[in-house]
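Working notes for the structure below.
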Amino acid sequence: MKIGLIIYHKNIFSYIDSKIVFKCLESIENQTFKDFDILELDYSDYNQYQTTIMKVGFLKNNKRYFFRQECKNHIEAMNFLLNKAFNEMNYDIIYNINLDDIYDKHRLEFQLRKIIIDGYDLVGSNYEIFQNKNGNEISRSINIVPEFEDIIDEQTYLKIKNSQKKCVIQLSSMCFTKESWEIIKNIDILPTLESLLICKKLLKKDKKIHICKEKLLRYRIHSQQVSRKYRRENI
């Protein structure tokens, strides 16, 4: 079974402190499941200096692939890598990684179990959102489970969204199977709605969507995110 992680960035060190990126990489390196490859994309324009973050010393024991392709935004970059991984490189499972977020050390292991043992096609998790403001860190937990572990229809998704006032399954926590991507094919670029549209495509084909009860993601809120236009500045 081929398992990979996708990471993608555009002039990342121009707007995110390197310490933040290194914390993300450290959380990946410390995973309890370690048998995965890394697919990295620098999607900045070709006039910019090429950045390969894998040179910083993390994850030396994992097979790594680097790509350079201009993309308009992070969703287009994500689509590029998912199509590359599933359609060209024949991966079975792909984890999405955001370089400004932090992951619980059990993320890969717990989500992989849900796919292999329980037969889910797309897996996310409970998560925590956090923000550094005026030198202090504030956070809030998003607890979808235990009330809803599986998303069985669009109404379930909307019920969760209305109760939480936040995205139900963060893209940063998503783990895709090859079978799920054959249906999704492309993530639509509609800020705050990408997760819903992904789920709608899968539910139409009776695919299984699961949310892990554990908080496997710490999702960072900051001013450079596209979604900042659609939410309050504070958590």
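The values are calculated or read from the model by the stated rules, or taken from the named source; none is laboratory data. Just so it is clear, the model here is predicted, and its values are computed rather than measured. So basically every Cβ, Gly included, is an ideal-geometry build from the backbone, and we count neighbours across all protein chains shown.
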- Considering the stretch 13-57, residues that are closer than 18 Å to residue 71 by Cα and among the small types (Gly, Ala, Ser), and then whichever is modelled with the lowest pLDDT, we arrive at 14
- Item | the stretch 7-45, residues that are of a type in the set (Val, Ile, Thr) and part of a helix (DSSP H, G or I) | 12, 20, 21, 28
- So which residues in the stretch 184-197 are of a type in the set (A, V, I, L, M, F, W, C) and either surrounded by fewer than 19 Cβ atoms within 10 Å (Cβ to Cβ) or at pLDDT below 95 (or both), if there are any at all? 189, 190, 193, 196, 197
- Item | Check on residue 132, within 30 Å of residue 19 (Cβ to Cβ), modelled with pLDDT of 95 or more and touching a strand residue (DSSP E or B) at 6+ places or on another chain (Cβ under 9 Å) | no
- Query: Are any residues in the stretch 164-219 of a type in the set (Asp, Glu) and either over 22 Å from residue 36 (Cα atoms) or free of Cβ contacts under 8 Å to residues at least 12 places away in the same chain (or both), and if so, which ones?
  - Reply: 188, 194, 206
- Which numbered condition residue 86 fails, given (1) within 15 Å of the chain's Cα centre (by Cα); (2) touching a residue at least 60 places away in the same chain (Cβ under 8 Å); (3) farther than 16 Å from residue 218 by Cβ: (1)
- Hey, could you check the stretch 45-83 for residues that are of a type in the set (D, E, K, R) and over 19 Å from the mean Cα position of the chain (by Cα) and say which is surrounded by the most Cβ atoms within 10 Å (Cβ to Cβ)? 70
- Query: Is it the case that residue 60 is modelled with pLDDT of 95 or more, part of a loop (DSSP other than H, G, I, E, B) and basic (Lys, Arg)?
  - Reply: no
